[in-house]
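The values are calculated or read from the model by the stated rules, or taken from the named source; none is laboratory data. Computed from a prediction, not measured in an experiment: that's the story for all the values here. Note that each Cβ is placed from the backbone with ideal geometry, even for glycine, and that neighbours are counted across all protein chains shown. Ligands, DNA and RNA are excluded from the accessible area calculation, which covers all protein heavy atoms including side chains. Shrake-Rupley method; radii C 1.70, N 1.55, O 1.52, S 1.80 Å.
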Amino acid sequence: MGDWWQRNIVEPGKLPLLLALTAFVVTFLVTRIITRLIRAGKGPFRNIETGAVHIHHVVPGIVLTVIGGFCAVAGGQRGFGSAAAAVVFGIGAGLVLDEFALILHLDDVYWTEAGRKSVEVVVLTAAVVGLFLLGYAPFGVNDLSDDELQNRGTVLSTIAGNFLVALIALFKGKARIAIFGVVVPFVALFGAVRLARPVSPWAKRFYRRRPRARAKAWLRAYHHDKRWIGPSRKLQDWIGGAPDVDRAALERR
């Protein structure tokens with residue numbers, strides 16, 4: 001175990017990344033536990049307010065992210081200072097992304113349906129950073145041999161090709177696949193060759209005069225969403241808590 005740790009984490013300089021990822025995940029989980037306790041009116045925790053202003057935890061998160069980021073840049077990849085900066089950055093990032101939906105909508109949507117975006121972004125971020133930690137490099141550069149890496153043309157063409165594939169997947173409305181495809185190009189290739197989502201820019205541009213392709217895209221999206229939205233929502237509810245019921249919408253029904 002000691003040899004593995006030294007060879008795969010310490011020597012490549014990945015310890016700060018591991019500490020940042022750990023701090024990020026732990027901070028998110030602890031924050032969600034505390035906010036759920038506040039929501040239920042249990043425990044000693046309460047919202048922080050100054051007069052009529054509710055201080056969201058994204059505020060200290062931004063401060064910690066800035067401090068940790070600048071300290072990490074100044075401290076290099078090794079040493080106690082670098083490790084401490086990574087932890088501070090991870091804590092700050094966890095607080096910020098836990099309220100990603102608030103930043104996106106510029107509204108307090110934490111316990112609404114729109115607030116699910118925060119959980120999605122946190123899980124996606126942790127997964128991508130985890131891939132970096134395991135040794136994956138962006139755009140598939142890690143798949144090149146030492147001789148190929150010395151050839152700038154090979155490296156640049158590989159990056160450009162994989163970037164184009166990821167961009168096509170994004171244009172087809174498959175944002176998660178495109179993001180993972182930046183790290184694992186085969187994932188982006190899978191998304192790029194399949195039908196686009198029916199409301200994606202690709203579908204609006206290329207399926208307008210292809211009714212069969214448009215109908216097939218709608219049918220595939222329907223079956224995909226029917227299969228995966230339910231389990232995805234249950235997982236998000238288990239991690240971050242179920243959103244409030246939209247009573248106004250229920251009354252309209």
(message) 7 Å from Cα along Cα→Cβ at both Asp3 and Ile239: what's the point-to-point distance in nm?
(response) 3.6
(message) Using only the Cα atoms of the range 10-54, what semi-axes does the equivalent ellipsoid have when each is the square root of 5 times a gyration tensor eigenvalue? Give whole Å, largest first.
(response) 33, 13, 6
(message) Considering only C-alpha atoms, what is the centroid distance from the range 77-93 to the range 141-220, in Å?
(response) 34
(request) With viscosity set to 1.567 mPa s and temperature to 4 °C, compute the Stokes-Einstein D of the chain, Rh being the Kirkwood radius across alpha carbon pairs; µm²/s, no decimals. (result) 61
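Considering only protein heavy atoms and a 1.4 Å probe, what is the carbon-and-sulfur percentage of the accessible area of the range 1-155?
Accessible surface attributable to carbon and sulfur in the range 1-155 totals 67 percent.
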(message) Whole-Hz ³J(HN,Hα) for each residue in the range 50-62, computed from phi via Karplus 6.51 cos²θ - 1.76 cosθ + 1.60 with θ = phi - 60°, x for glycine and proline: what do you get?
(response) 10, x, 9, 9, 8, 7, 6, 6, 5, 5, x, x, 5
(message) Give me the percent relative contact order of the range 2-89, please, defined on Cα pairs under 8 angstrom at least 6 residues apart.
(response) 35
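To the nearest 20 Debye, how big is the dipole of the chain about its Cα centre, given +1 on the beta carbon of each Lys and Arg and -1 on that of each Asp and Glu? Provide the component values of the computation, followed by the final result.
Working: 32 positive and 18 negative charges, 361 e Å.
The calculated dipole for the chain is roughly 1740 debye.
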(message) I need the P(r) histogram for the range 116-246: all alpha carbon pairs, bin width 10 Å from 0 out to the longest distance, whole percents.
(response) 12, 31, 32, 19, 6, 0
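Over the alpha-carbon set of the range 17-131, divide Rg by the Kirkwood Rh and report the Rg/Rh ratio to two decimals. Intermediate values should be presented prior to the final figure.
On the way: Rg = 14.8 Å, Rh = 14.8 Å.
In the range 17-131, Rg relative to Rh is 1.00.
Where does the chain land at 222 nm, in deg cm²/dmol rounded to the nearest 500, when only DSSP H runs of n ≥ 4 count, each adding -39500 (n - 2.57), divided by all residues? If you can, show how the numbers build up before the last one.
Numbers: 13 runs with 176 residues, N = 253.
Roughly -22500 deg cm²/dmol at 222 nm, from the helical runs in the chain.
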(request) Please work out the C-alpha center-to-center distance from the range 104-120 to the range 19-69 and express it in whole Å. (result) 15
(request) Mind telling me which of Arg78, Arg32, Arg209 comes out most flexible in a GNM of the chain, alpha-carbon contacts under 10 Å? (result) Arg209
(message) I want to check the label-to-label distance for Leu133 and Lys226. Put each point 7 Å from Cα in the C-beta direction and report it in nm to one decimal.
(response) 3.8
